[in-house]
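In what follows, a structure is listed as structure tokens, so that the remarks can point back to it.
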Amino acid sequence: MVVRKSRNIRREEEKFGARRARQRTTLKWKTKPKRKIKSTSRANTINATWKKLTGGWTGAIFYVFLGIGLALLARQTLAFALSTEMPVVAVVSTSMQHDHVEQTHYQWLDEHMGYSESYIKSWSIPTGFLVGDMPVVKGEGNYKVGDVIVYSVPNQNFPIIHRAIKINEDGTYQTKGDNNLNQLPYEFKVHKEQIYGKVVFIIPKLGYFKVMLTNVLGIG
């Protein structure tokens with residue numbers, strides 16, 4: 001009697017264990033799809049929002065502001081890395097082109113400063129640059145003759161990008177555009193406080209958008 005009872009108990013326990021196992025399997029099967037459905041729904045919502053932002057006229061506005069934001073971020077990063085508040089500048093005039101370099105550059109510097117052609121050719125940025133180019137500017141503590149410097153001038157909307165041709169006795173600088181026939185009135189005494197930095201290299205053609213704004217809207 002006791003043996004039969006224990007056998008019955010074992011059978012009931014086995015049946016109970018089998019039922020629990022089936023319940024666990026059923027529970028896992030029911031819960032997994034819900035998580036997947038929830039994750040898929042979130043992804044669909046994100047995709048729909050992104051398409052709404054980037055589609056049609058709202059998309060155009062979005063990309064304009066995104067581009068402006070990225071440009072400002074890049075400018076601030078460069079300003080910090082190059083120690084200047086003006087790390088890049090667009091060339092909007094022909095004053096540094098080498099169109100008539102023999103007369104306006106080598107001959108002028110020989111007659112007025114006594115510099116030889118070989119000395120002039122040893123300077124940085126020896127071949128000048130063109131309208132639409134974008135010089136990269138680095139701030140320095142001091143500048144030397146031959147450096148192409150970027151500086152501000154009172155009552156001008158855009159900076160000047162000319163070459164330092166002489167250091168005056170009081171520590172101020174004289175400058176001249178390589179392609180200009182003579183110095184301009186504000187070039188005989190440029191204070192260090194006016195100078196943003198010197199040109200370290202040129203990115204060709206990247207400044208044409210700025211040139212267009214300057215020519216059409218007068219924005220410097």
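Could you tell me the distance between the Cα centroids of segment 159-188 and segment 98-139, to the nearest Å?
Between the Cα centres of segment 159-188 and segment 98-139 lies a distance of 12 Å.
Amide H to amide H, which residues 5 or more places from ILE203 or on other chains are under 5 Å from it, using H placed in the peptide plane?
MET134, VAL136
Mind giving me the nanometre distance, one decimal, between the label points for ALA48 and PHE209, set 7 Å out from Cα along Cα→Cβ?
Calculated label separation equals 3.4 nm.
Can you pull the one-decimal nm distance between simple spin-label points at THR77 and TYR186, each 7 Å off the Cα toward Cβ?
3.2 nm
Any read-out appearing in this document is the output of simple, stated calculations on the displayed coordinates, not a laboratory observation. Computed from a predicted structure; not experimentally measured. Every residue, glycine as well, gets a Cβ built from its backbone with ideal geometry; the counts of neighbours run over all protein chains shown.
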